[in-house]
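**Student:** To start, I am sharing the structure in question, which I have written as structure tokens.
What follows draws every value from the coordinates through simple rules; no lab data is involved. Fair warning: this is a prediction, and the values are worked out from it, not measured in the lab. Cβ coordinates were reconstructed from backbone atoms using ideal geometry, including for glycine residues, and neighbour counts include every protein chain displayed.
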Amino acid sequence: MTTKRARRLVGAFLAIAAVGLLAACSNVGPQDALHPEGPVARDQLNLFTPVFWIATAVFVLVEGMVIVAAVKFRERRGGPQPVQVHGNTKLEIGWTIAPAVLLAAISVPTVAMIFSQAAVPTGDDVVHIKVTGHQWWWEYEYTDVDPPVKTGTEMVIPTGKKIYMEIESADVIHSFWVPKLGGKQDAIPGRTNHLTLVAEKPDLYYGQCAEFCALSHANMRLRVRSMPPAEFDAWIAGQQKDAVIPTSGLAAEGARAFKEFQNGTCMSCHTIRGIEGAAGTVGPDLTHFADRTWFAGAMLETNKENLITWLRDPPAVKPGSLMPNYHIPEDTIAALVEFLLSLK
Ligand code: CUA
């Protein structure tokens with residue numbers, strides 16, 4: 001390869017790398033941990049920022065000295081050989097003690113925060129939610145209320161209250177992460193992890209599974225919808241009720257199709273409280289499906305067109321989806337969509 005060609009290749013590579021790097025820079029990202037909207041995430045950022053700048057200063061100092069040494073003492077043809085030394089005790093003691101002191105200083109606020117954020121919140125203001133990772137969607141169970149409420153994909157929480165989550169997995173390792181609200185926590189099979197989050201204002205937050213969990217890992221997204229506590233209480237009360245099963249029109253046909261399609265295939269995976277026999281737990285509980293603004297691992301917004309696309313061929317939307325393509329006839333899809341959208 002000629003030098004010219006090699007240079008061109010390196011240039012092209014650097015240009016592509018720069019584009020990739022700059023693409024990560026955005027001021028309005030919905031998953032931007034640098035703009036927290038809750039005290040947990042804010043405390044983490046307030047620790048991260050000084051540590052980041054200290055680390056940056058150390059990096060510039062050390063790399064700067066390496067570059068200066070490499071340039072200043074490089075081999076010159078015919079030049080004199082630099083003075084050969086075995087070592088420098090003072091310098092070596094210095095660069096052992098200085099980082100140790102620095103790390104000890106950083107560890108004080110770090111360890112304090114690890115303990116304060118790991119503390120189990122107590123009091124009437126705590127909302128307990130059991131979070132279960134599935135390939136590839138998140139399930140939420142509100143365990144403070146009886147009967148408990150189960151939803152999927154979109155977690156609804158009251159503003160200002162501490163949300164204490166039990167995080168588990170039904171299959172492989174996942175990781176729950178809503179950057180604007182707090183740090184991530186792994187969902188590990190056979191183990192229960194915990195995470196506390198607080199949202200300050202009513203909003204819709206974006207999250208993402210943060211641990212590679214096979215084919216559709218990138219499609220395992222989530223939403224957190226926060227609302228004022230009174231609204232949340234009303235939401236819980238609504239969720240506790242059984243579904244109102246439509247008795248007329250296309251939606252009623254859909255309800256029938258849900259029960260009867262391929263001898264109860266839908267019911268074997270999905271629960272709909274209000275339909276006898278619909279008690280499957282493989283897929284999300286659909287009792288109040290239309291209340292969620294997103295579905296299918298938060299890949300799709302809940303609307304007619306997206307539901308039709310999904311039911312026609314789920315794995316085409318979410319590769320590897322446990323729900324296969326059942327080749328549901330178009331008129332059955334239309335009825336099922338009408339039925340699902342009636343489940344407020
Ligand atoms: Cu679940 Cu990645």
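**Student:** Restricting the first residue to the stretch 307-328 and requiring it to be closer than 20 Å to residue 263 by Cα, which pairs with a second residue that is of a type in the set (A, V, I, L, M) and assigned to a helix (DSSP H, G or I) meet a Cβ separation below 8 Å and a spacing of at least six or different chains?
**Tutor:** From the stretch 307-328, the pairs are 311/333; 311/336; 311/337; 312/333; 325/316; 328/311; 328/336.
**Student:** Within the stretch 192-214, count every residue that is away from the ligand (no atom under 16 Å from the Cβ), under 11 Å from the mean Cα position of the chain (by Cα) and in a loop (DSSP other than H, G, I, E, B). Steps first, answer last, please.
**Tutor:** Pass one, the stretch 192-214, residues away from the ligand (no atom under 16 Å from the Cβ): 192, 194, 196-205.
Next, only the ones that are under 11 Å from the mean Cα position of the chain (by Cα) stay: 205.
From what is left, the residues that are in a loop (DSSP other than H, G, I, E, B) are none.
Residues that pass the stated criteria total 0.
**Student:** With the checklist (1) touching a residue at least 40 places away in the same chain (Cβ under 8 Å); (2) surrounded by 20 or more Cβ atoms within 10 Å (Cβ to Cβ) in hand, flag the one item residue 201 doesn't pass.
**Tutor:** All conditions pass for residue 201, except number (2).
**Student:** Scan the stretch 215-248 residue by residue and report those that are surrounded by 18 or more Cβ atoms within 10 Å (Cβ to Cβ), among the polar types (S, T, N, Q) and in a loop (DSSP other than H, G, I, E, B).
**Tutor:** 216
**Student:** Something else now. It is to be established whether one or more residues within the stretch 63-75 are of a type outside the set (A, V, I, L, M, F, W, C), under 28 Å from residue 47 (Cβ atoms) and free of Cβ contacts under 8 Å to residues at least 12 places away in the same chain.
**Tutor:** So the first thing to find is which residues in the stretch 63-75 are of a type outside the set (A, V, I, L, M, F, W, C), and the list is 63-64, 72, 74-75.
After this cut, where a residue has to be under 28 Å from residue 47 (Cβ atoms) as well, the list is 63-64.
Applying the additional criterion that residues be free of Cβ contacts under 8 Å to residues at least 12 places away in the same chain yields 63-64.
Scanning the stretch 63-75 turns up at least one residue that is of a type outside the set (A, V, I, L, M, F, W, C), under 28 Å from residue 47 (Cβ atoms) and free of Cβ contacts under 8 Å to residues at least 12 places away in the same chain.
**Student:** From 163, 157, 167, grab the single residue that is free of Cβ contacts under 8 Å to residues at least 40 places away in the same chain, more than 16 Å from the ligand (Cβ to nearest atom) and of a type in the set (Val, Ile, Thr).
**Tutor:** Numbers: 157 fails: free of Cβ contacts under 8 Å to residues at least 40 places away in the same chain; 167 fails: more than 16 Å from the ligand (Cβ to nearest atom).
The match here is 163.
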